[in-house]
Ligand SMILES: Nc1nc2c([nH]c(=O)n2[C@H]2C[C@H](O)[C@@H](COP(=O)(O)OP(=O)(O)OP(=O)(O)O)O2)c(=O)[nH]1
């Protein structure tokens, strides 16, 4: 199975480098797995039987080392060297260099926090009531981090406003996701003793791992479903 590998040293945190690779990969392929330090995508169409793109981040003293790999099953091993390897290398370089530039440009971008509250192996999700373009779609509780506020303070404030509960924020999980506005969606675990109610939303649901695909998520959250599944296993 042919395999190509490229690397780049990126001056940005790993969860943002992962976000940039996910954004680039999802414009050309189907992202099938995401985690804090990378992602795996499958290319469905091209001069190969099947192809897989992975991006993996490692934290070093000099920045985040991004390693991207493409491996594929050849249709014709003789033609492979001429007709497949060169475009595959161009694709890989475009993803690696594109992710480096995008992550470095977005360092310090505004953050939207999402809150992952898990109870009895179920994740709390809420259905948006407005604006019209996204009404009916599902998301995690949260919202924009206000100037001068920490991510954790935003998690506490948004959960109080949207759910009427006090939460204790935990660690960030998964990669960031770049929103169409250029803000970064960042998910934090949180725990609560309170009973949430839908203050601003249409509905709340506690979703088990098997229920996760029953609801129509906002596109950024749909990308994070592998992270939500992992949370429900632990
Ligand atoms: N809260 C939240 N927002 C999300 C998620 N996924 C996702 O794409 N978003 C987007 C939707 C919005 O464009 C943006 C957050 O907007 P928002 O309306 O919830 O934020 P906010 O409470 O600070 O807004 P506002 O009342 O100040 O207008 O992030 C998610 O899981 N939770």
The chain: relative contact order as a whole-number percent, Cα under 8 Å and 6+ apart: 21 percent
Tell me whether the chain comes out rounded, prolate or oblate; compute the Cα gyration tensor, take square roots of the eigenvalues as a ≥ b ≥ c, and use a/c under 1.5 as the rounded threshold. prolate
If one compares the long axis through the Cα atoms of helix 151-163 with the longest principal axis of the Cα atoms of the chain, the angle in degrees, nearest 10, works out at 50 degrees
Per-residue counts of other Cβ atoms within 10 Å, averaged by peptide: what ranking do you get for 63-73, 99-109, 14-24, highest first? 14-24, 63-73, 99-109
Run the quick spin-label model on residue 90 and residue 9: label points 7 Å from Cα toward the beta carbon, then report their separation in nm to one decimal. 3.0 nm
Please label the shape of the stretch 111-233 as rounded, prolate or oblate, based on the square roots a ≥ b ≥ c of the eigenvalues of the alpha-carbon gyration tensor (a/c under 1.5 means rounded; beyond that, a/b larger than b/c means prolate, else oblate). rounded
Using a basic spin-label model with each label point 7 Å from the Cα along Cα→Cβ, how many nm lie between residue 171 and residue 195? 3.3 nm
Using the count of nearby Cβ atoms within 10 Å as a rough guide to exposure, how do 93, 133 rank from fewest to most? 133, 93
CD proxy at 222 nm, helix term only [per DSSP H run n ≥ 4: -39500 (n - 2.57); per residue of the chain; nearest 500]: -8500 deg cm²/dmol
Using alpha-carbon coordinates, inclination of helix 14-26 to the longest axis of the chain, degrees: 70 degrees
Order of 59, 112, 78 from fewest to most other C-beta atoms within 10 Å? 78, 59, 112
Can you bin the stretch 3-106 into rounded, prolate or oblate? Criterion: square roots of the alpha carbon gyration tensor eigenvalues sorted a ≥ b ≥ c, rounded for a/c under 1.5, prolate for a/b above b/c, oblate for the rest. prolate
On a 0 to 90° scale, report how tilted helix 85-106 is relative to the longest principal axis of the chain, with both axes built from alpha carbons and the result rounded to the nearest 10. 30 degrees
Based on the Cβ-Cβ distance from residue 45 to residue 149, what FRET efficiency comes out when R0 is 30 Å, to the nearest 0.05? 0.10
Between residue 1 and residue 62, what's the calculated FRET efficiency when r is the beta-carbon distance and R0 is 25 Å? Round to 0.05. 0.20
Between residue 97 and residue 230, the two model label points (7 Å from Cα along the beta-carbon direction) sit apart by a distance in nm of 3.0 nm
Most fluctuating of 11, 221, 211 in the GNM of the chain (C-alpha, under 10 Å) is 211
Evaluate E = 1/(1 + (r/R0)^6) for residue 119 and residue 213, where r is the Cβ-Cβ distance and R0 equals 22 Å; express this FRET efficiency to the nearest 0.05. 0.65
Relative contact order [Cα under 8 Å, 6+ residues apart], the stretch 111-233, whole percent: 34 percent
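Every number in this text was worked out from the coordinates using simple rules, so none of it is lab data. Treat the numbers as computed from the prediction; the structure is a model and nothing was measured. Glycine gets a Cβ as well: all are built from the backbone with ideal geometry, and neighbour counts include every protein chain shown.
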